[in-house]
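Following: one structure in structure tokens, then a few remarks.
The numbers here are math on the coordinates, done by the rules we state, and not lab data. If you're wondering where the values come from, they're calculated on a predicted model, not measured in any experiment. All Cβ positions, glycine included, derive from the backbone under ideal geometry; neighbour counts span all protein chains shown.
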Amino acid sequence: MIRTAAPRTLLCLALLAALPPALSAGQAAAAPDQPAAGEYLPLAGGDFRSSLRLDDAIGPRHVAPFQLMREPVSNRQFEAFLAKEPRWRRDRIARVFADNGYLAHWASADAAGTDEAADAPVRHVSWFVADAYCRSQGARLPDWLEWEFAAAADATRHDAREDRAWRMRLVADGSPRAIDAAADAPANAYGIRNLHGRQWEWVGDYSTLMAGSDKRGQDDGDRLRFCGATALSFTDREDYAVLKRVALLSALQSNATLGNLGFRCAKDPP
Amino acid sequence: MKRTRLSLLAYAIACAAGLAGMPAFAAELPVIKAELTAPPHVPKQIERKTPAKVVVELETIEKDMEISEGVTYNFWTFGGTVPGSFIRVREGDTVEFHLKNAHDSHVPHNIDLHAVTGTGGGAEATFTAPGHATQFSFKALQPGLYVYHCAMPPVGMHIANGMYGLILVEPEEGMAKVDKEFYVMQGDFYTEGKYGEAGLQPFSLDKAIDEHPTYVVFNGAEGSLTGDNALKAEAGETIRMFVGNGGPNLVSSFHIIGEIFDKVYVEGGSKYQENVQTTLVPAGGATMVEFKADVPGNFVLVDHSIFRTFHKGSLGILKVEGEENHEIYTGQQATGEFAPPAAAAGHGKH
């Protein structure tokens, strides 16, 4: 459970060694006509004020048109993916791509079983696996900015973030008390569901979310990790829902899996 | 393609960066597993005269608990209690700290121990995702009573949800023996519902930012130190209380009604003040108070910012039993009317 220095070195070396195969595997996996594919909805994009201040940029950033899955990837969809690409099964995957928790709650290596609802979002999946899944669909993980753009909407407004009461309720994101955790939670104004659910979601560029570019190991430190300096890179320091989400994602390595972390895919317009 | 490469590289760099900070502590020290206690209990006094390597294993747990009768709150805890487990080490010890974050936590946690000399007080080294564990070591350089707390963003919310506790570093020469030791820590809580509103109450960020707590309590809940939970002692016993304040916002004017502190180790440090009525415990700070329970009775622990006591919950009881000592305190000796003002002539006149 604890990584000491030596195994950690080995892990890193193993990962570096695995880099080229991972990339070629990604290429080989591109297969746009996945039968169990989720439904994608179009978002027009536009100028958008991110809650994160990236690269010292001030003012709105441009979001290009994109498509996003209506729901997070489900257990059923993920079973179909594993049937097609069995090398990602928990009993065949290399540990550098997913930790020991990867799908460990499933009844078997290829099926979620009866304890886990087939339509429920898949969880205990690593970034590498989520990335591979989306590639297999001819898609990709959404960028943070795309995810944030879609998640700014409530049921009636494309950008509901000025509604403080609504935003405060997002503080429960990632927990059973999240607003979209309710069975009857409506889709948002784009028709997208469950962005503020009991599970967090991977984004493609999660590893760059730390206060601008990846500051790990540099002299100005991980601003997010220290008491008293946490709000520096946030345009709104009261946006605790975003703060919590970024804190969670930035705690993770790309092979990490969590019981309340899933994903959905995005793609460019045709 | 490009996305994958970027992330893999970032991962590799992060791995490499993680190698730099591995400690190189001497291995000859005897290894001791720390005794951790839930409030109001305190681990037994340290008898050792030499340093040791003390292994501390603490788990962060998010759980619903009662904050007041009929009112529950989703607390985030160190060790399943608010305040978290009490940690006791000796000056000069090397502490090997293991932090686990429960599998069903919904956010990462870490720990900043004010007893640590080093970056973030350990926060950087213990950035722990749910279902994961981290480890770091530090040397307890300076004696004192220190607060520890979670420093994960949003820091205020983690502390407001109960993520704090105390770590005592005993001085090399040890501490005077006392008959009873207790662990009491104040905290302020912010719920959407009003004081006493039943059911599971969500955290109110607005009230927290405005510093308008719904509850101000000792040991995580109204009633945690009253009734069957009251602290108990015998008349004539010497008592030491380790009193912390997790905040996140308020400072505490700690007072025990009917007692005078013989000694107050101000701000948990090495110097003491004598004969103190009320002592200030800062948010993120602590103090040690010592006194002898001379006579029996119910002695009331309060934050003497007194509306908090009667309207927000900061009330505890120390129940002292034993022989009365009328030389010190008689109890009521007489009651009755006293003579009215002379003649009723003064009505309406000055």
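Numbers for the structure displayed
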| item | result |
| --- | --- |
| Helix axis angle, B:2-17 relative to chain B longest principal axis, alpha carbon, degrees | 70 degrees |
| B:ARG90 long-range amide H proximity, modeled H, under 5 Å | B:GLU170 |
| All aspartates and glutamates inside 18 Å of B:LYS100 as judged from Cα atoms, apart from same-chain residues fewer than 8 positions distant | A:ASP99, B:GLU35, B:GLU57, B:GLU59, B:GLU62, B:ASP112, B:GLU124 |
| Efficiency of FRET from Cβ geometry, B:ASP179 and B:SER270, R₀ 25 Å, rounded to 0.05 | 0.65 |
| Considering only chain B, percent of DSSP beta bridges that pair antiparallel, nearest 5 | 65 percent |
| Length added when fully stretched, B:GLN277-B:HIS103, from 0.36 nm per residue minus Cα-Cα | 58.1 nm |
| Protection-proxy order for peptides B:247-256, B:171-180, B:198-207, B:144-153, each taking the mean of Cβ atoms within 10 Å per residue, highest first | B:144-153, B:247-256, B:198-207, B:171-180 |
| In order through region B:44-58: 3J(HN,Hα) via Karplus (6.51 cos²θ - 1.76 cosθ + 1.60), integer Hz, x for Gly, Pro | 5, 4, 7, 9, 4, 10, 10, x, 9, 8, 9, 9, 10, 10, 10 |
| Shielding by partners, peptide A:247-260 (average Cβ within 10 angstrom, other chains) | 6 |
| Estimated distance in nm for a label pair at B:THR117 and A:ARG61, the labels positioned 7 Å out from Cα along Cα-to-Cβ | 4.2 nm |
| Note, ³J(HN,Hα) from phi for region B:239-245, Karplus 6.51, -1.76, 1.60, rounded to Hz, x at Gly and Pro | 10, 10, 10, 8, 10, x, 9 |
| Residue order, fewest to most surrounding Cβ atoms within 10 angstrom, among A:SER254, A:SER126 | A:SER254, A:SER126 |
| Per-residue average of Cβ from other chains inside 10 Å of B:152-162 | 5 |
| Normalised contact order of region B:138-261, rounded percent, pairs of Cα under 8 Å and 6 or more residues apart | 31 percent |
| In order through region A:260-270: 3J(HN,Hα) via Karplus (6.51 cos²θ - 1.76 cosθ + 1.60), integer Hz, x for Gly, Pro | 10, 9, x, 6, 9, 10, 10, 7, 6, x, x |
| Lysines whose Cα lies under 23 Å from that of A:LYS84, excluding same-chain neighbours fewer than 8 positions away | A:LYS267 |
| Global geometry of region B:219-282, whether rounded, prolate or oblate, following the gyration tensor of its Cα atoms and the 1.5 cut on a/c | oblate |
| Shielding of B:274-280 by partner chains, average beta-carbon count, 10 Å | 0 |
| Per-residue [θ]222 nm for chain B (sum of -39500 (n - 2.57) over DSSP H runs n ≥ 4, rounded to 500) | -2500 deg cm²/dmol |
| For B:GLU181, distant residues with modelled amide H under 5 Å away | B:ARG240 |
| Prolate/oblate/rounded call for region B:197-350, Cα gyration tensor, a/c under 1.5 rounded | oblate |
| Three-way shape call for region B:118-165 based on the alpha-carbon gyration tensor, with the a/c threshold at 1.5 | oblate |
| Reach of B:LYS177 by Cα under 27 Å, taken over lysines that are not fewer than 8 positions away in the same chain | B:LYS33, B:LYS44, B:LYS49, B:LYS53, B:LYS139, B:LYS232, B:LYS263, B:LYS271, B:LYS292, B:LYS319 |
| Long-range HN-HN contacts of B:ILE32 with modeled amide H, under 5 Å | B:LYS53, B:VAL54, B:VAL55 |
| Chain B, relative contact order in percent, only Cα pairs under 8 angstrom and at least six apart counted | 14 percent |
